[in-house]
Amino acid sequence: MGGMKASHLSLAERAAYRSLEDVVGCKWSAAVVGALRRGVCRPGKLERYIPGISTKILTERLRRLEAYGLVRREDRSGAVLHVEYRLTPTGERLGGIIEQLHALQAEHTPPVPAAPARRAVRKPASS
């Protein structure tokens, strides 16, 4: 957006940016899309791929990504009914963009400085 002020954006543009933020600006969306780039997954496997995500948040994110057309839910019936998720072609494209953003961040993030070495504390000599 450069130096453009939000007041110069049309209502449609502002709505589009808010929608984009909702999809990729959410803490867990990029992680879910990244995990699904590995292939079709059941929810339990996704939870193992994404440390720290709760079942409730994962379910909400999957539903939201599905509503945006980035993820497809597939009900599999067999001996046991289960659900699998996969990226749509648009979700795959987004996954590639997220991967490029990670690479860009890695190139431009300064290394974390090492913690200073601890000095041994000397006790004063007793007289």
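Just so it is clear, none of the values below were taken in a lab; they were calculated from the coordinates. Bear in mind that the values here come from a model prediction, so they are computed numbers and not experimental data. Reconstructed Cβ throughout: ideal geometry from the backbone, glycine too, with neighbour counts over all protein chains shown.
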Among Ser29, Leu87, Ser54 - extreme Cα towards positive end, dipole of region 11-105, charges at beta-carbon: Ser54
Efficiency of FRET from Cβ geometry, Ser54 and Ser77, R₀ 25 Å, rounded to 0.05: 0.40
Computed lengthening from His102 to Val24, 0.36 nm per intervening residue step minus Cα-Cα distance: 26.8 nm
CD proxy at 222 nm, helix term only [per DSSP H run n ≥ 4: -39500 (n - 2.57); per residue of the chain; nearest 500]: -15500 deg cm²/dmol
Cα-centred dipole magnitude for region 18-106, charges only on beta-carbon of K, R (+1) and D, E (-1), debye, nearest 20: 160
R0 of 41 Å, Cβ-Cβ distance Ser10-Arg86: FRET efficiency to nearest 0.05: 0.75
